[in-house]
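Have a look at this one.
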Amino acid sequence: MIRSILFRSRWHLLALVLAIGGLAACSDPAQPLEKADLGRGAPLETATPFEVPQEPTAPLRFLLPSPGPEPVSWWRPPLYPVPWAVAPYDHFYFVRPLLADQINWPLANYRYGGMFFDNEVHTGIDIPASAGAPVVAAGPGTVIWAGGGLYSGLPKDITDPYGLAVAIHHDFGYGGQSLFTVYAHLSQIDVVIGQHVQAGQTIGRVGDTGHATGPHLHFEVRLGENSYYHTRNPELWLALPQGWGVLVGRLHQYNGQLLTHFPVNVYSEDGRRYETRTYGPEAVNPDDYYQENLVIGDLPAGLYQVSLSYGGRDRRFWVEIFPGQVTYFTHRMWHEFQVIAPPTPALDFLPTTPTPLPTRRP
């Protein structure tokens, strides 16, 4: 009677068999039920009522999604809006000119103020990227140059060091002066002069035209005039990645003259080394507030040791990098380091009380 109740249909039997098989699989973790085995054997309609499946021998395999490619870096776009400025005189106004899946920081030997190509001073930063990668506008503005000859001013000059380039006059300025950005060595230009673009809009493709040894993007920030002689350090204008900061320094000799093209190494607590040199002697312009001659941007927040070598000795000191902020230091040869903010700029003039308007007689 009990037997007929329990097994009066093959569906009850099948449920019992599967339950027994599941318990068996759980009782032996070394040999779990293989997912593919559930589809093997005869169809359900022809299964033998009292047949117990054999214990599987293959391990359980889950159908997991295929892993994507390894990220290029730890770089992540900022979580805060752009423009961004923590201190009153900061100006992180621009987004990165390459997309987030590309490397977005400058090559150590090709930062602003470096010297190469017969001792020419570098007036921008070089960002490595694959040929053909999209180049995007760093901010909203109007295209004022699109083609060759940016340096010479001759659009058909194929020998121009910038190669194919785009220049944008931005919708905003700083300190009452206009702002411009330059994108050089392009392989393709996707905009025309007079076109208005938005931040993040594709304006061209990475290439190696002009004076370039391989595909990369040369990026400049210009203040006041769209001129080779009116550049500023882009690492003080590009919004900082999530959780990263920037180190800014002013290093000078005992007599007060700035150190030029002087090697500086920065070490993180986990042993990573960042190298740079102070600015070259010409064609570069320090920030009006910081008056710096050294910048290392895109440093993950944390403690770092700055190392200088002169007089046969290494001189080192610690600094802390904060997310989204500038850490500023000064050093004079044979003196101590100082990690302090520069003095607040003074006004060029003192405001006066407006002369009152004459009283109108009735």
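Residue-wise test of (1) among the small types (Gly, Ala, Ser); (2) touching a strand residue (DSSP E or B) at 6+ places or on another chain (Cβ under 7 Å); (3) part of a strand (DSSP E or B); (4) crowded, with 18+ Cβ neighbours inside 10 Å.
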position	(1), (2), (3), (4)
Thr276	no, yes, yes, yes
Gly280	yes, yes, no, yes
Phe317	no, yes, yes, no
Glu320	no, yes, yes, no
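OK, next. For the stretch 52-171, which fully contained strands (runs of 3 or more DSSP E) count at least 1 residues that are surrounded by fewer than 17 Cβ atoms within 10 Å (Cβ to Cβ), at pLDDT 95 or above and out of contact with any helix residue (DSSP H, G or I) (no Cβ under 7 Å at 6 or more places or on another chain)? Please lay out each step first, then the result.
Working: elements: 125-128, 134-136, 141-147.
Per the criteria, 141-147.
Okay, moving on. Among the listed residues Glu235, Glu225, identify the single one that is in a loop (DSSP other than H, G, I, E, B), out of contact with any His (no Cβ under 6 Å at 6 or more places or on another chain), at negative phi and of a type in the set (Asp, Glu). Walk me through it before giving the result.
Working: Glu235 fails: in a loop (DSSP other than H, G, I, E, B).
Exactly one of Glu235, Glu225 is in a loop (DSSP other than H, G, I, E, B), out of contact with any His (no Cβ under 6 Å at 6 or more places or on another chain), at negative phi and of a type in the set (Asp, Glu), namely Glu225.
Sticking with this structure for a sec: How many residues, within the stretch 175-222, are without any contact (Cβ under 8 Å) to a residue 60 or more places away in the chain, part of a loop (DSSP other than H, G, I, E, B) and among the aliphatic types (A, V, I, L, M)?
Number of matching residues: 4.
If Asp208 passes every condition in (1) within 22 Å of Arg111 (Cβ to Cβ); (2) crowded, with 17+ Cβ neighbours inside 10 Å but one, which one does it miss?
Among (1) within 22 Å of Arg111 (Cβ to Cβ); (2) crowded, with 17+ Cβ neighbours inside 10 Å, Asp208 violates only (2).
The values are calculated or read from the model by the stated rules, or taken from the named source; none is laboratory data. Just so we're clear, the structure is a prediction, and the values are computed from it rather than from any experiment. Glycine gets a Cβ as well: all are built from the backbone with ideal geometry, and neighbour counts include every protein chain shown.
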